[in-house]
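The values are calculated or read from the model by the stated rules, or taken from the named source; none is laboratory data. Worth saying up front: this structure is predicted, and the values here are computed from it rather than measured. Don't worry about glycine lacking a Cβ; one is built from the backbone with ideal geometry, like all the others, and counts go over all protein chains shown.
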Amino acid sequence: MSSKRGRLGRTMSSSLSQNSLLSKHHKNRFHYFNNKKGQVTVFIIIGIALLFSFAGVLYVTKIVQKDKITEEGFRALEDVPSQFRSVRTYTEDCLRETAEKGLKILGQQGGYIYVDLIGTYDPENPTNADGVNLGNMKVPYWHYSRPENQLNVIAYSSLKPKLYDDGKEGSEMSIESQLSRYVKEHIQECLADYTQFKEQGIVVETSLIQDAQAQVGEESVVFTINLDVKASQGEAQEQFNQFFVRVPLNLKHYYDVASNIAESQKNYFFLEAQFLSLLGSFTSLADNMLPPMNAATFDVAGTKFWQTPDVEEKLQQLISSYIPMLQVLGAHNLQYYDYPVTDLSSIYQQNYNNNIITNINDVEDVEVRFDYFGWKPYFDFNDVDGMITSQNTLQIL
């Protein structure tokens with residue numbers, strides 16, 4: 001999870017506009033917070049990176065038998081002389097291995113293998129980037145505000161990739177197209193010119209791969225390559241030109257779940273709602289608290305002051321501490337907790353319940369986690385010389 005320009009991307013935009021922690025874009029939705037006599041203006045946009053972990057790929061890697069082929073492949077293998085069957089099996093093993101590597105990269109990077117083709121990823125300034133830079137991984141945002149922070153303008157955009165290669169605009173960066181390209185570019189690394197067959201006395205000649213295709217189905221991903229392979233041993237010889245494997249990974253389902261979460265934020269602003277509720281528990285005129293959204297005293301002049309760096313640090317700590325507590329109702333990793341009855345248990349319980357997102361469907365078989373990686377969010381306070389103070393709103397003489 002990043003700061004201003006959100007994810008998988010996705011974003012939460014909010015602004016403590018005097019008395020409210022809401023962006024200008026959302027003021028009309030939360031008009032009852034718009035008291036002009038507030039304390040501080042904050043502009044925060046938080047991005048959530050939706051990462052496809054693809055646990056199914058790990059499962060396949062561990063338990064799938066390397067000589068397992070589809071029924072159609074088995075029928076094709078029956079027609080191959082026994083001394084050359086290992087050539088076909090070896091090629092399909094390499095196809096499977098390369099396909100799984102592509103799926104893992106794509107899963108770790110929010111649906112992208114070739115992330116540098118679609119945006120920038122500044123690790124020092126993630127809120128003005130098109131995605132999150134995690135060192136060896138980059139995750140484009142699926143929902144974020146594209147304009148620069150300093151413009152104080154909300155203009156939502158999305159880098160969510162298409163799932164299918166439908167031949168239309170943008171299909172070259174679809175998940176199917178990227179997987180096809182990856183297999184075509186990298187399978188030769190695994191094939192290694194079939195050198196291992198020389199020890200068996202089998203000569204294997206091959207050309208450059210002609211075509212590779214990945215097709216995302218309802219419960220699996222099918223990979224097919226067109227590659228001319230000629231195997232010979234003595235007078236015997238055999239030719240192959242097409243190979244395919246089926247990876248039993250429910251990629252479409254994971255993609256749909258991630259899309260639903262991004263769409264939920266876009267339509268219902270659950271991050272804004274959660275953060276506003278949370279902020280109310282940590283703002284007060286009391287010492288060591290954040291500036292309140294509104295408060296009343298009988299002082300002739302303002303007597304409460306907050307150092308801007310302190311407020312910024314506490315807000316960042318608040319985000320870092322509570323974002324990982326977000327959960328999705330019905331998800332496999334949902335954990336519900338009932339607070340013991342105390343004077344403040346109702347507040348604690350309400351904050352906890354607000355962390356559960358309730359409008360995401362079909363998540364029973366997946367784990368959904370949220371995180372914030374400690375980046376400094378973008379803040380814009382209405383402070384003066386690094387000092388936030390209350391404003392006089394009413395004097396009775």
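On the basis of being part of a loop (DSSP other than H, G, I, E, B) and over 30 Å from L251 (Cα atoms), does N382 make the cut? Step through it out loud before you land on a result.
Working: part of a loop (DSSP other than H, G, I, E, B): yes; over 30 Å from L251 (Cα atoms): yes.
It is true that N382 is part of a loop (DSSP other than H, G, I, E, B) and over 30 Å from L251 (Cα atoms).
Considering only residues that are at pLDDT 85 or above and charged (D, E, K, R), look in region 355-384 and name the one that is surrounded by the most Cβ atoms within 10 Å (Cβ to Cβ). Restricting to residues being at pLDDT 85 or above and charged (D, E, K, R), the top hit is R369.
A single member of Y114, Y144 is under 18 Å from the mean Cα position of the chain (by Cα), more than 25 Å from D380 (Cβ to Cβ) and of a type in the set (S, T, Y), and it is Y114. Select from region 278-317 the residues that are of a type in the set (S, T, Y) and at pLDDT 80 or above and write down the one among them that is farthest from I356 (Cα to Cα). Only one residue fits best here, namely T308.
Is it true that L278 is surrounded by 14 or more Cβ atoms within 10 Å (Cβ to Cβ), touching a helix residue (DSSP H, G or I) at 6+ places or on another chain (Cβ under 8 Å) and assigned to a helix (DSSP H, G or I)? Answer is yes for this residue. If you take the residues of region 285-341 that are over 19 Å from E272 (Cβ atoms) and of a type in the set (S, T, Y), which of them is surrounded by the most Cβ atoms within 10 Å (Cβ to Cβ)? It comes out as T308. Just for region 119-167: of the residues that are in contact with a Ser or Thr (Cβ under 9 Å, 6 or more places away or on another chain) and of a type in the set (F, W, Y), which one is farthest from V221 (Cα to Cα)? Of everything passing the filter in region 119-167, Y156 is farthest from V221 (Cα to Cα). Inside region 184-207, residues that are farther than 10 Å from C94 by Cβ, surrounded by 16 or more Cβ atoms within 10 Å (Cβ to Cβ) and of a type in the set (A, V, I, L, M, F, W, C) make up a count of 3. Checked against the criterion of being at pLDDT 95 or above and either surrounded by 14 or more Cβ atoms within 10 Å (Cβ to Cβ) or within 14 Å of L117 (Cα to Cα) (or both), the candidates S157, S180, S171 yield just one match: S180.
Put simply, of T120, T91 the only residue that is at pLDDT 90 or above and in a helix (DSSP H, G or I) is T91. The numbered conditions (1) under 27 Å from K101 (Cα atoms); (2) touching a strand residue (DSSP E or B) at 6+ places or on another chain (Cβ under 6 Å) are all true for I175 except (2). Restricting the first member to region 322-339 and to residues that are outside the structural domain of F370 (by TED's automatic domain parsing), and the second to residues that are outside any strand (DSSP E or B) and surrounded by 14 or more Cβ atoms within 10 Å (Cβ to Cβ), no beta-carbon pair is closer than 6 Å while six or more apart or on different chains.
Among residues of region 146-161 that are assigned to a helix (DSSP H, G or I), those with a beta-carbon under 6 Å from a residue that is at pLDDT 85 or above at least six positions away or on a different chain give the pairs N149/N128.
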